[in-house]
1. Would you mind checking which residues have amide H under 5 Å from G17's amide H? H placed 1.01 Å from N; only 5 or more apart, or other chain.
2. How large is Rg over Rh for the chain, taking Rg from the Cα atoms and Rh as the Kirkwood inverse mean of 1/r across Cα pairs?
3. What FRET efficiency do you get for D36 and H2 if R0 is 35 Å and r is their Cβ-Cβ distance, rounded to the nearest 0.05?
4. Hey, rough spin-label estimate for Q68 and E11, points 7 angstrom out along Cα→Cβ, what's it come to in nanometres?
5. Where does helix 60-72 land angle-wise versus the long Cα axis of the chain, in degrees 0 to 90, nearest 10?
6. Listing H21, H30 from the residue with the fewest other Cβ atoms within 10 Å to the one with the most, what is the order?
7. Please sort by residue number the GluC sites (Glu not before Pro) in segment 9-73 whose DSSP state is loop and whose Cβ has at most 14 other Cβ atoms within 10 Å.
8. Using Cβ contacts closer than 10 Å as the measure, can you line up L58, L66 from fewest to most?
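Here, each number is a calculation from the coordinates, and none is a lab measurement. None of the values given here were measured: they were computed from a predicted structure. Backbone-built Cβ (ideal geometry, glycine too); neighbour counts: all protein chains shown.
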Amino acid sequence: MHCYECSETGESREAVGLCHHCSAALCAEHIFAITDPMIAQVPLSKEITLPKRARVLLCRTCKAALEQARRVA
Ligand SMILES: [Zn+2]
Ligand SMILES: [Zn+2]
């Protein structure tokens, strides 16, 4: 599979992963790996953030969109 971002500019690079949000294939240059905090619901308490974070692969479009949503929240 080839990188979606590269194909938009007429290039052809091998993809290394997929965007978690839009499923676009992305090359090493265009992929972003962020860490997502894991929240657990605990009875009597409220929510706790677990020490290990999950990895989420994103394209720059979805990364920007999610960051914008987080700023508002
Ligand atoms: Zn690319
Ligand atoms: Zn995406």
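1. L26
2. Taking Rg over the Kirkwood Rh, I get 1.14.
3. 0.85
4. Distance between label points: 2.4 nm.
5. So the helix axis and the longest Cα principal axis differ by about 30 degrees.
6. The most exposed by this proxy come first: H21, H30.
7. On the way: sites: E11, E14, E29, E47, E67; in loops: E11, E29.
Here the GluC sites (Glu not before Pro) that fit, given the DSSP loop and packing criteria, are E11, E29.
8. Details: L58 24, L66 16.
Neighbour counts put them in this order, fewest first: L66, L58.
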